[in-house]
Amino acid sequence: MIRSSGKKAVDFRAFLVPMVLITVVSLVAGVLVVRGIRSGYYNSIQNESEAYARSFSGSITTATEAREIVDSLLESRLEVAARAVGTDTSVHSNRYLAEMEETLQVDEIYSYSPEGVIRHSGNGLYLGWSPAVWHPVRRFMDSGLTYMVEDIRQDTESGEYLKYSYFRSEDGSFVQVGIRAENVQSFLRGFEIQMLLEDLRGHNDLMHISVLDRDFRLLGTSSAEPMEERITDEWILEALEQEGRFSGISHHDAHPVYDVFVPIRAAGDFSG
């Protein structure tokens with residue numbers, strides 16, 4: 001009589017297939033999770049960069065408006081002062097011009113002969129001086145204009161930054177009135193690109209923030225390391241020219257870095 005042992009052979013395939021499926025699903029899920037986290041992180045950087053671009057655009061617009069307002073106020077003061085002093089040059093003397101500087105709250109007044117020679121000055125300097133052919137004062141002399149105002153410039157003699165106005169009287173003599181722009185320049189310096197970048201860099205953990213002009217040349221950067229003066233990577237340039245933006249991984253000092261390029265718009269116009 002034959003007896004059965006009551007034991008069956010174990011089929012490992014019944015366990016192996018589910019284990020393989022579970023492993024594959026876990027790996028796929030892991031990859032998807034990692035990709036999702038990476039994508040979310042890159043999107044976060046992209047959005048942050050967009051926010052910085054908007055902030056910088058607003059700062060550029062504010063800086064432009066500030067410069068226009070300050071320049072307009074200076075021009076108004078200079079025109080009033082030049083007309084007040086230049087209408088009658090027969091009363092001019094060094095002392096008179098010094099008093100008028102104080103009264104009109106300007107820094108410099110020079111009285112010129114019709115030939116362009118300084119006859120009197122409020123500070124007593126440069127008497128007998130006459131401008132060279134290339135000098136801004138000569139340009140006013142030869143212009144035939146009754147009144148003219150210049151942009152802020154560095155004085156050719158003192159080296160100081162001033163904004164000058166000119167007024168010509170009927171006999172051809174004229175006056176030059178100047179306001180020192182040191183305080184104005186100091187105020188406007190707070191709106192310069194480098195200052196704005198350093199301020200932005202101090203409030204985030206980005207590696208660096210840089211600004212490029214319309215031709216993709218470097219205008220300023222928060223990086224302490226030397227940067228290329230112009231973008232030269234063709235694939236980045238192509239993307240920027242076609243779409244106005246680019247994001248991707250590059251390498252700096254053998255370290256992978258996620259670069260984001262987004263447009264800066266000031267007053268609605270593309271500026272960098």
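The values are calculated or read from the model by the stated rules, or taken from the named source; none is laboratory data. Remember, predicted model here, so these are calculated numbers, not experimental data. Methodologically, a virtual Cβ is constructed for each residue, glycine included, from the backbone with ideal geometry; neighbour enumeration extends over all protein chains shown. To get the accessible areas, we keep the full protein, side chains included, count just its heavy atoms, and leave off ligands, DNA and RNA. Shrake-Rupley method; radii C 1.70, N 1.55, O 1.52, S 1.80 Å.
When all alpha carbon pairs of segment 74-179 are counted in 10 Å bins from zero, the resulting P(r) reads 16, 56, 28, 0 %.
Packing-wise, with mean Cβ within 10 Å as the measure, how do 74-85, 170-181 rank, highest first?
My ranking of the peptides, most packed first, is 170-181, 74-85.
Rolling a 1.4 Å probe across all protein chains gives residue 146 an accessible area of roughly 80 Å². Between residue 151 and residue 119, the distance separating the two model label sites (each 7 Å from Cα on the Cα→Cβ line) works out to 3.3 nm.
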